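Presented below is the structure to which this report refers.
The values are calculated or read from the model by the stated rules, or taken from the named source; none is laboratory data. Quick caveat: nothing in here was measured; it's all calculated off a predicted structure. Positions of Cβ are backbone-derived with ideal geometry, glycine not excepted, and every protein chain shown enters the neighbour counts.
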């Protein structure tokens, strides 16, 4: 009778441990999904601002047609991206083209003074900050999840249950380069 209780206790302990670990992994996965949806919300917000920005710039910078087309293509690529890596790549490309647009706007003093342009530029700047925060939060959730999958004993049955490491929303090699400042 004593050995039967010990076996039942061990089985119950293992079952509770597996149940708690499984729920922990599911919770972490749901947090990753929620964090990624926050990135999506901010990317959508930025994508919605871009047509207004392009229209505002068109009136002032008619010979910047190629840049405006590139921005439109980058926006479309971002909206059509599906996976984390596709979205990260498209986001980085759009960010680079927007930097080019704001650099070109320096050549047009009347554009820089336009209230609509200034408002859109401020909204985009605010959105960029929100995207950066959402990326940071997402990557923190991915790190927590991947850590759970990598440590003992969760790693043993996490993979058996089909859990796979999540992908970070990473910066491109171009973004990682040092900024050279010359005076």
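Give me the helices (runs of 4 or more DSSP H) completely within the stretch 51-144, filtered to those with at least 2 residues that are touching a residue at least 24 places away in the same chain (Cβ under 8 Å) and under 30 Å from residue 30 (Cα atoms), ordered by residue number.
65-80, 84-105
Looking at (1) surrounded by 19 or more Cβ atoms within 10 Å (Cβ to Cβ); (2) closer than 23 Å to residue 76 by Cα, which is the only condition residue 154 fails?
(2)
Only residues that are under 27 Å from residue 108 (Cα atoms), over 14 Å from the mean Cα position of the chain (by Cα) and touching a residue at least 60 places away in the same chain (Cβ under 8 Å): list them for the stretch 27-49, please.
Matches in the stretch 27-49: 49 only.
Suppose the filter is at pLDDT 85 or above, assigned to a loop (DSSP other than H, G, I, E, B), surrounded by 14 or more Cβ atoms within 10 Å (Cβ to Cβ) and under 21 Å from the mean Cα position of the chain (by Cα); does residue 166 pass it?
Yes; evaluated as a whole, the condition is true for this residue.
Hey, can you tell me all the residues within the stretch 107-131 that are loosely packed, with under 11 Cβ neighbours inside 10 Å and over 21 Å from the mean Cα position of the chain (by Cα)?
Across the stretch 107-131, the qualifying residues are 109, 110, 113, 115.
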